[in-house]
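Peer 1: A single structure is presented below for examination.
The values are calculated or read from the model by the stated rules, or taken from the named source; none is laboratory data. The structure displayed is predicted, hence computed values, not measured ones. With ideal geometry, Cβ positions are generated from the backbone for all residues, glycine too; neighbour counts draw on all protein chains shown.
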Amino acid sequence: MLDKPRKLRMDKTAFVFPGQASQYVGMARDLHDASLDVRSLFESASRILDFDLAEACFDGPLEKLTRTEHTQPAVLVHSLAILTMIGDSLPVPAFCAGHSLGEYSAHACAGTLSFEDAIAAVRDRSRLMKSACDSTDGTMAAAIGGDDNSVSRMVKDASKHGILQPANYNSPGQIAMSGDAAGIQFAHEHHKEYGFKRMLPLKVGGAFHSPLMQFAADRMDGALAGLEFSTPECPVVANVTAEPVDSPESGRELLVKQITAPVKWMQSVQKMCDLGVTRFVEIGPGKVLTGLIKKIAPDVETANIDTLEDVELLLQESEVA
């Protein structure tokens, strides 16, 4: 595996990393076939995970790949595969950030976590979250329209019936909600009263980023305590605070809190823009974050690096620069 620091810094560029739901059958196959280092990465990941990650990514089926305990390592390792191919050919970005699971990729990119420790951490995270999902009746829904006031009012009223919490502040007018069955049912039945246009059910395994994940958070604290966190080469903007983190201790603590707290993605992008970022490069499967960033900050430059062709184009660009 490659774990190389980069030599220069890109003062106006942020690397961002996708989370769960970006997976697809065949992901990273071209990277794997083109690079001995990426093949070594997959082999090491499979040993750490105790299942054949390449088979899950390349052959599916999608139902298998979509399981939390498979999806999370798959998305992480796809991002790490791209970083492996980039090596030290690109400068260090001004910031790193990741959406939910992607925050582990961001810490690996920034050097807070080694690639091996990031994989081990996500292995534990995915299994603990699956256990939490299996023991609760939680689910999620996407709230379309509305604003922060709409969210706070609906959450307050829903608390009389069940659990409801904002899980992901994805973009203006798009907030994912988590809760138990009663809380989500309240949201579906009453959302228009609070200014939301629609409430769409999400096909997920549980109520991510909510108190229903406390079982996972309690045990993740111990899992991360056994890993080495280093001072990052560049700040990682945390999901929980939407603020840059530049100490290993804070990075570890916020990864634990992230499991039960909302992902402030919209606020994180806005913070990086306020700090001078004018270009966001999404590293990993799909382009979900690229789409969200275009809605949050329409004037910034974006790029998504998913395939071998994308990596080659990015490296060509760096040579020209």
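Peer 1: Out of the residues in the range 120-138 that are closer than 18 Å to Val256 by Cβ and in contact with an Asp or Glu (Cβ under 6 Å, 6 or more places away or on another chain), state the one that is surrounded by the most Cβ atoms within 10 Å (Cβ to Cβ).
Peer 2: Ser126
Peer 1: Right, here's the next one. Of all residues in the range 1-11 being over 16 Å from Ser79 (Cα atoms) and surrounded by 15 or more Cβ atoms within 10 Å (Cβ to Cβ), which is modelled with the highest pLDDT?
Peer 2: Across the range 1-11, the extreme among qualifying residues is Met10.
Peer 1: Taking helices (runs of 4 or more DSSP H) that fall entirely within the range 244-321, which contain at least 3 residues that are of a type in the set (Asp, Glu)?
Peer 2: Because the criterion is at least 3 residues that are of a type in the set (Asp, Glu), the helices (runs of 4 or more DSSP H) in the range 244-321 that meet it are 308-320.
Peer 1: Looking at the range 173-223, which of its residues are crowded, with 20+ Cβ neighbours inside 10 Å and touching a Lys or Arg at 6+ places or on another chain (Cβ under 9 Å)?
Peer 2: Answer for the range 173-223, where residues must be crowded, with 20+ Cβ neighbours inside 10 Å and touching a Lys or Arg at 6+ places or on another chain (Cβ under 9 Å): Phe186, His191, Tyr194, Met199, Gly206, Ala216, Ala217, Met220.
Peer 1: Further question: When you look at Gly276, is it among the small types (Gly, Ala, Ser), in contact with a Phe, Trp or Tyr (Cβ under 6 Å, 6 or more places away or on another chain) and modelled with pLDDT of 95 or more, yes or no?
Peer 2: no
Peer 1: Considering only residues of the range 72-92 that are modelled with pLDDT under 95 and more than 17 Å from Ser35 (Cα to Cα), which is surrounded by the most Cβ atoms within 10 Å (Cβ to Cβ)?
Peer 2: Out of the qualifying residues, it is Val92.
Peer 1: Something else now. Please state which one of Leu65, Leu128, Leu76, Leu90 is under 30 Å from Ser318 (Cβ atoms) and within 19 Å of the chain's Cα centre (by Cα).
Peer 2: None of the other options fit; the residue is Leu76.
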